[in-house]
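Only one structure is covered here, and it is reproduced in the block below.
The values are calculated or read from the model by the stated rules, or taken from the named source; none is laboratory data. The model shown is predicted, which means the values in this text are computed figures rather than measured ones. Cβ placement follows ideal geometry from the backbone for every residue including glycine, while neighbour counts extend to all protein chains displayed. We work out accessible area using only protein heavy atoms, side chains counted, and drop any ligands, DNA or RNA first. Shrake-Rupley method; radii C 1.70, N 1.55, O 1.52, S 1.80 Å.
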Amino acid sequence: MSKPRESSRGAETGGSRPKSTRYVLGASTLAALTLGLTFFLLVRGFQWRGALADLRAEPGIEILSVERSGFFKKRLFGLRDPLAPSADYFLRKHNIGPRAAELVLTEYHSLNTAYAREREANRNAEIAELRDSVVEAVADFAEAMTAKREEDLEKITRMLFEARFPEAMESVDLEWNDGRWLVKGELYAPSHEQFVEAAPDTVVDGELDLSHLVNLTDSRTSSLRKEIESADLFTVDLDGNPVHLDRVKRLVATYDEVCGHSDLPLPRVRLEATVPEPNLPVDRLDEVTSQLTAPGGIDKSRFLPAAIVGSSGTTDATASLKLVAPSSP
């Protein structure tokens with residue numbers, strides 16, 4: 001009867017072993033989870049402390065408060081300068097992702113920081129740029145207005161000159177140059193004298209520069225006289241034909257035209273000869289006079305008696321035509 005009892009105990013002992021194993025396994029798992037959670041929370045605590053330390057050390061970020069937004073999530077309240085780095089940068093640096101943190105940072109402008117100095121530099125640059133643009137706009141406007149005024153002034157001045165000097169303005173031009181009127185052209189006397197005398201009263205504004213206005217009477221009579229009187233009328237070519245007679249007749253005719261434009265009386269003319277000895281044959285001077293007074297030439301009534309000058313330094317005889325004022329003998 002005793003053997004059956006032993007079997008019953010063995011059965012009871014064998015049935016309790018699985019329960020003990022499950023208990024030990026469960027306790028071990030719970031301990032491991034607790035240990036892992038503890039380690040995770042410990043590491044996460046170090047990460048948060050490092051992240052908050054970096055955030056508070058940043059001069060452009062002010063962390064005012066930290067609240068829990070869940071078991072593993074925190075909400076940060078504070079201020080952030082728009083020039084400062086993003087707060088997410090500091091959280092990611094410590095392995096804190098967006099699911100573990102919620103940032104509520106209000107924008108503000110920090111004082112006495114590098115960002116404040118940068119902001120002031122940017123503001124000064126903007127002010128300088130705005131000032132330069134305003135100055136440029138004002139300068140462009142002033143330049144446009146000046147150009148318009150000068151254009152209108154030039155039109156008005158030209159109209160006034162053309163109304164007052166209708167004939168003179170056919171050969172005279174006005175040019176506006178840096179506050180001065182440059183008068184360019186050519187006029188015969190007495191139109192030149194009249195223009196020079198009355199032009200300053202015709203100018204509305206600016207100075208009048210008459211240095212480029214040529215007096216044709218003075219310039220042409222001087223050059224023509226020099227050409228006429230420098231020609232040797234005794235000069236002949238290889239065939240014995242006179243070289244300068246026809247040219248002198250044309251020059252005298254041109255000189256007469258200048259006198260006509262200038263309201264000047266025609267000058268008298270005189271043949272002057274220079275010879276080695278005062279024995280020049282009169283017929284040679286008469287021949288030159290005859291050729292000069294031929295049809296289309298110089299009027300014979302304008303000739304004064306010829307003059308003969310002896311010169312010891314002369315080897316060949318020369319003759320020239322001199323222009324003499326009408327009142328001269």
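Find, to one decimal place in angstroms, the Kirkwood hydrodynamic radius of the stretch 150-237, where the mean of 1/r is taken over every pair of different Cα atoms and then inverted.
Computed over Cα pairs of the stretch 150-237, the Kirkwood hydrodynamic radius comes out at 14.6 Å.
Under the rule of at least 5 residues apart or a separate chain, name every residue whose amide H is placed under 5 Å from the amide H of Thr293.
Ile298
Between Arg123 and Ile156, how many nm apart are label points set 7 Å from Cα along the C-beta direction?
Distance between label points: 4.8 nm.
What is the gain in length, in nm to one decimal, between Thr235 and Phe77 on full extension, counting 0.36 nm per residue of separation less the C-alpha to C-alpha distance?
Extending this stretch completely gives an extra 45.1 nm.
Run a plain Debye calculation on the stretch 219-303 (Cα atoms as equal point scatterers, no solvent) and give log10 I(q)/I(0) at q = 0.17 Å⁻¹, rounded to two decimals, same order as the q list.
For the stretch 219-303, the Cα-only Debye profile gives -0.76.
Looking at the stretch 75-144, what % of the alpha carbon pairs are farther apart than 16 Å?
Pairs farther apart than 16 Å: 65 percent.
How large is ³J(HN,Hα), in whole Hz, for each residue of the stretch 99-106 in order, when computed from phi with the Karplus curve 6.51 cos²θ - 1.76 cosθ + 1.60 and θ = phi - 60°, using x for Gly and Pro?
For the stretch 99-106, the Karplus curve yields 6, 9, 8, 10, 9, 10, 10, 8 Hz.
Provide the per residue accessible area, probe 1.4 Å, for the stretch 177-329, rounded to a whole number of square angstrom.
56
Heavy atoms of the protein only, probe of 1.4 Å, neighbouring chains included. What is the accessible area of Asp256 in Å², nearest 10?
Only protein atoms counted, so the area is about 30 Å².
Cα centroid distance between the stretch 172-188 and the stretch 223-292, in Å?
What the calculation gives is 38 Å, centre to centre.
Between beta-carbons, use under 13 Å as the cut-off and find the net charge around Val269, counting Lys and Arg +1, Asp and Glu -1.
Local charge sum for Val269: +3.
In the stretch 153-192, how does Rg compare with the Kirkwood Rh, expressed as the Rg/Rh ratio over alpha carbon atoms?
So for the stretch 153-192, dividing Rg by the Kirkwood Rh gives 0.97.
Quote the relative contact order of the stretch 193-288 in percent (integer), defining contacts as alpha-carbon pairs under 8 Å separated by 6+ residues.
In percent, rounded to a whole number, it is 23.
So how do Trp181, Trp176 rank on accessible area, 1.4 Å probe, biggest first, that is with the largest at the start?
Trp176, Trp181
Using only alpha carbon pairs under 8 Å that are at least six residues apart, calculate the relative contact order of the chain and give it in whole percent.
10
In nanometres, what is the gap between the two model label sites at Ala57 and Lys93, each 7 Å from Cα along Cα-to-Cβ?
Label at Ala57, label at Lys93, 0.7 nm between them.
Report the relative contact order of the stretch 43-165, percent, no decimals, based on alpha-carbon pairs under 8 angstrom and at least 6 residues apart.
About 20 percent, as a whole number.
What order do Met145, Met169, Met159 take when sorted by accessible area (1.4 Å probe), most exposed first?
Per-residue accessible area, sorted high to low, gives Met159, Met145, Met169.
Which lysines have a Cα less than 28 Å from the Cα of Lys74, not counting those fewer than 8 places away in the same chain?
Output for Lys74: Lys93.
Name the long-range amide H neighbours of Phe303: under 5 Å, sequence gap of 5 or more, or other chain; modelled H, no Pro or chain starts.
Val269
Run the accessible area of the chain with a 1.4 Å probe and give the carbon-and-sulfur part as a rounded percent.
On the way: 11790 of 21570 Å².
C and S fraction of accessible area: 55 percent.
Can you give the charge dipole size of the chain about its Cα centre, rounded to the nearest 20 debye, using +1 on the beta carbon of Lys and Arg and -1 on the beta carbon of Asp and Glu? Write out the running numbers ahead of the final one.
Details: 40 positive and 52 negative charges, 1234 e Å.
Magnitude of the dipole: close to 5920 debye.
Could you tally the net charge around Phe303, taking each other residue with its Cβ under 10 Å from the Cβ of Phe303, Lys/Arg +1 and Asp/Glu -1?
Neighbour charge sum, excluding Phe303 itself: +3.
Once you place label points 7 Å from the Cα toward the Cβ at Leu210 and Arg68, how far apart are they in nm?
According to this spin-label approximation, the distance is 10.5 nm.
Using the Karplus equation 6.51 cos²θ - 1.76 cosθ + 1.60 (θ = phi - 60°), what ³J(HN,Hα) coupling, rounded to whole Hz, does each residue of the stretch 189-202 give in order, writing x for Gly and Pro?
6, x, 4, 5, 5, 5, 5, 4, 6, 9, 4, x, 6, 8
Can you list residues from other chains, or at least 5 along the same chain, whose modelled amide H is less than 5 Å from the amide H of Tyr188?
Counting only residues 5 or more places away or on other chains, the set is Leu216.
Would you calculate the convex hull of the Cα atoms in the chain and tell me its volume per residue in Å³?
Working: hull volume 144.4 nm³, N = 329.
So the per-residue Cα hull volume is 439 Å³.
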